[in-house]
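Notes for the one structure printed next.
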Amino acid sequence: MHRRRFHPALTVAALATCPALLPAQIAGVPDLCSDRPPATGAPLFSLDTRQQPSRAGSRPERPASDLSCIDLFSTGAGGEATGVITLTRPWSPFGVTVTPEGRHRHDLTAWISDLPDPTTLGDYQAYVAWATPLVLDPVVKLGQVQNGENALGEVAFNKYMVLVTAEASGDVTERTGPLVLRGRSPSSRMEAHDLMALAPAAEARPAIPDPFASPLWEVPPRYEGVPMLPGIMAARPRVSPLLPTVDTPAPLAEPRQIVELPDGGTLDLFAGFVRRRIQGRDVTMFAFNGQHPGPLIKVDQGSTIFVNFSNDTPFPTAVHWHGVRLENRFDGVPGVTQDPVKPGETFRYQVHFRDAGIYWYHPHHREDVQQELGLSGNMLVEPISEAYYSPVNREEVVMLDDILLSEAGLVPFGAESSNYMLMGRFGNVFLTNGEPEYSLEVDAGDVVRFHFTNASNTRTFNLSFRPMADPSASPLPIKIVGSDVGKFEREAVVESVVLAPAERYVVEVLFDEAGAYALLNHVQGINHRMGVFREEVSTLGAVAVSGVRTSADHSHAFETLRTNADVVADIDQYRDEFDRSPDRELVLTLEVDGLPIAIEQSMLYDWIYFNPVEWTGTMPVMNWATSGAGVEWILRDAETDDENMDISWSFRVGDIVKIRIHNDRGAFHAMQHPLHIHGQRFLVLEQNGVRNTNLVWKDTVLLPTGSTTDILLELSNPGRWMVHCHIAEHLESGMKFVLDVEGN
Ligand SMILES: [Cu+2]
């Protein structure tokens, strides 16, 4: 086996040729989709050769054109006509723009040339563009088109075609005329795995001596309707299984308590064992102070607290105060800011809260194990200004998580390194504030401010509120107020909230009418084996709205979308920096080494298309068998080619650094990465060349597959600070580096 950084399909890629004009020859096509050969109807190995994987000394093509462009091909009737469509995402406060059902939304712009005069085709006066899913129903009219640039509006189908037909007039509402151009969405190129091609690896291999063989390595829970090849079913993690065990029964976990601390206050915090009974299974887990989630620490902005931490677990650990711009030596990163807190040892943290908002604490050592086992809690920092937020009837701090359980209980972790190293460990049971069923009771007309935190290892959520009785009814409007480190410049209304691991969003919801509402996670996963999308709707909790009218009506404030002059003024100091060229460039990629052949070959098929976000773990067996022995996720400095901990960046307090981040679509198994920078704050300036027009300070940014994102990092806090992917298993695989900030 040899190390692979580049996808094997590249070595067999044949240049796709097409008699039509290259899109580059159509006037005005943006760079994104010009200067590239058009894709074909995509027979499996005729990949777009222009799509280069990232390799040392080169930068990946960004953003990935094959995920962002649709080539239009002529039919017999269209003659020499040709075209290309660019896909850009409409603005949203999140790293991706999706419908409440989790379908990715795109704005389509078509660049067309050489359409013949429609009258030459018969009794036709105009050309009309349509979008339709592959089942050809519904057919949605996008509008009349002509040679040149055409705005087609928004499309949010999973897999679809764009058709251009000649019609009697531009006003027709149904397509009846002849087809002249057609193109397929990037997602539609995804196909079922070809068993004939896979045959050598489809079969289980004869057993070879496996030093890690263990009865604990039982094949983990699988996804219904996603068949697995025998060769993949035979793969096993190349690490020893690890499960927490305890001699004497641990106490049952208790619900989270609220701890309000004054400036100078002290909290005694210990990490130790607890017992849980979750969906009929007894599991031994960890907890802070015996609580799931850990105690909710409430403090005022500007205060400083002390935390006497003791480690009653059998693992070395430490507590990281995520998003808090505190003193570096209290940042809780073993090996960087402190020695690990060994079993039985203690550490005293001093945490200063400079910014208002919602933050969270969790270990920064074998996060894949310790966080999954329940070590995480929130900090709610009350703003100094009473008018910071709009008035609401109540505030809810909600921690979203998932846990992976088999019939026997916890699915073991990897001992020598994490397993689930490829995509991270997706849970199959949702835990909202530690419980499979979260519930909330409010009165009709109440406005609730939710502070959401995603504490899962790898799952990205797409949250919405819908009436229980009618799941097809429109979701309740959600007012988006803030994110990781404070408020947005302007409040906005959305239908769903997308949170990647470690991200926070502060939102408000008006529950105007009595009834029961579900908090849903609604996404479009992918059945990779069959090459189709697989809808997943999960109920995370319930809100019961009583028939009693609210005691204080805040509906007017809710309906008023505020511009936050304080935030705008703060960000004004940095706007002059927005347009300059980047100071640093990072590439996010992957190197795999000696994976089982069945896994390598299966991934070859996935290479045709990557969803901007891998929403759910539909290939659990394949993912389960990968570990540090075969997978290394990489952050690479595009200038120096240094990777992960070899990267050395030094700045001074007061520096403003523009960083361009490419999430390499050419990687062996590309996926999204939530990138976290410790101890500082940054702005997300633009993604795929589209300017972000409503900013908020962030500490974690969701970087979709194949995207290019510019951030502006403010260095405000001296010390040695981690930069890493917040998918716990990616961090464990080495996807991290340290940036040094010298004080003034
Ligand atoms: Cu990652």
Query raised in the report: What's the extension gain from L216 to A387 if we count 0.36 nm per residue and subtract their Cα-Cα distance?
Result: 56.1 nm
Report summary line: Expected unfolding gain across D137-V653 under the 0.36 nm per residue rule, minus the alpha-carbon gap, is 180.0 nm
Report task. Name the shape class, rounded, prolate or oblate, that the alpha-carbon gyration tensor gives for the range 660-741, where a ≥ b ≥ c are the square roots of its eigenvalues, rounded holds for a/c under 1.5, and otherwise prolate holds if a/b is larger than b/c and oblate otherwise. Result -> oblate
Report summary line: If the chain between F578 and D171 were fully extended at 0.36 nm per residue, the gain over the current Cα-Cα distance would be 142.2 nm
Report summary line: Taking N as the residue count of the range 491-561, its alpha carbon Rg divided by 2.2 N^0.38 Å gives 1.50
Requested in this report: Report the relative contact order of the range 405-532, percent, no decimals, based on alpha-carbon pairs under 8 angstrom and at least 6 residues apart.
Outcome: 29
**Report entry** Global geometry of the range 209-258, whether rounded, prolate or oblate, following the gyration tensor of its Cα atoms and the 1.5 cut on a/c
**Finding:** oblate
Requested in this report: Using only the Cα atoms of the chain, construct the convex hull and provide its projected area averaged over every direction, in square nanometres to one decimal.
Outcome: 32.4
Query - Taking the chain and dividing mean pair separation by its residue count, relative contact order in percent (alpha carbons under 8 Å, at least six apart) - result: 14
Query raised in the report: What does the accessible area per residue of the chain come to in Å², with a 1.4 Å probe and no ligands, DNA or RNA counted?
Result: 36
Report summary line: By accessible area (1.4 Å), largest first, Y124, Y605 order as Y124, Y605
Query raised in the report: If you look at just the Cα atoms of the range 575-707, how large are its Rg and its Dmax in Å?
Result: 16.8, 52
**Report entry** Debye log10 I(q)/I(0) at q = 0.10, 0.16 Å⁻¹ for the range 231-334, Cα point scatterers
**Finding:** -0.41, -0.86
Query raised in the report: Of all the C-alpha pairs in the range 527-644, what % are more than 17 Å from each other?
Result: 78
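Taking only DSSP H segments of four or more residues, each worth -39500 (n - 2.57), what value at 222 nm results for the chain once the sum is divided by all its residues, to the nearest 500 deg cm²/dmol?
Result for the chain, helices only: -1500 deg cm²/dmol.
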Query raised in the report: Mind listing which GluC sites (Glu not before Pro) in the range 490-584 are in a DSSP loop and have 13 or fewer other Cβ atoms within 10 Å?
Result: E513
Query raised in the report: Based on the Cβ-Cβ distance from D339 to E686, what FRET efficiency comes out when R0 is 35 Å, to the nearest 0.05?
Result: 0.30
Query raised in the report: In whole Å and largest first, what semi-axes does the C-alpha gyration tensor of the range 59-177 yield when each eigenvalue is scaled by 5 and square-rooted?
Result: 27, 17, 12
Report summary line: Under a 1.4 Å probe, counting only protein heavy atoms, V567 has an accessible area in Å², nearest 10, of 20
Query raised in the report: On the accessible surface of the chain, probed at 1.4 Å, how many percent belong to carbon and sulfur atoms?
Result: 50
Query raised in the report: Which pairs, out of K658/K736; K298/K487; K298/K479; K159/K736; K479/K698, put more than 30 Å between their alpha-carbon atoms?
Result: K159/K736
Query raised in the report: Angle, helix 597-606 long axis vs. longest principal axis of the chain, Cα atoms, 0 to 90°, nearest 10?
Result: 60
Report task. Identify the residues of the range 548-582 with backbone N under 20 Å of a label point that sits 7 angstrom from the Cα of N694 along the Cα-to-Cβ direction, or state none. Result -> 555-572, 575
Report summary line: Residues whose modelled amide H sits under 5 Å from the amide H of W360, counting only those 5 or more places away in sequence or on another chain, are H322, M379
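Quick one: if the Förster radius is 25 Å, what FRET efficiency do M233 and S406 give, using the C-beta to C-beta distance and rounding to 0.05?
Computed FRET efficiency for M233 and S406 comes out at 0.95.
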Requested in this report: Report relative contact order for the range 532-651 in percent, whole number only (criteria: Cα-Cα under 8 Å, sequence separation at least 6).
Outcome: 31
Query raised in the report: Measuring from label point to label point, each 7 Å out along Cα→Cβ, what is the Q125 to Q301 span in nm?
Result: 6.0
Query - the range 477-599 shape via C-alpha gyration tensor axes, a/c threshold 1.5 - result: oblate
Query raised in the report: Rounded to the nearest 0.05, what FRET efficiency is calculated for S240 and V493 with R0 set to 41 Å and r the Cβ-Cβ distance?
Result: 0.25
Query raised in the report: Between L561 and R105, what is the spin-label point distance in nm, taking each point 7 Å from the Cα along the Cα→C-beta axis?
Result: 1.1
Report task. Could you tell me the distance between the Cα centroids of the range 651-692 and the range 478-546, to the nearest Å? Result -> 23
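Select from the range 300-407 those GluC sites (Glu not before Pro) which occupy a DSSP coil region and have at most 11 other Cβ atoms within 10 Å, ordered by residue number.
Here the GluC sites (Glu not before Pro) that fit, given the DSSP loop and packing criteria, are E386, E407.
The values are calculated or read from the model by the stated rules, or taken from the named source; none is laboratory data. Just so it is clear, the structure is predicted and the values come from calculations on it, not from any experiment. Quick reminder, even Gly has a Cβ in these numbers, built from the backbone with ideal geometry, and neighbours come from all protein chains shown. Heads up: the accessible areas ignore ligands, DNA and RNA and are worked out on the full protein's heavy atoms, side chains in. Shrake-Rupley method; radii C 1.70, N 1.55, O 1.52, S 1.80 Å.
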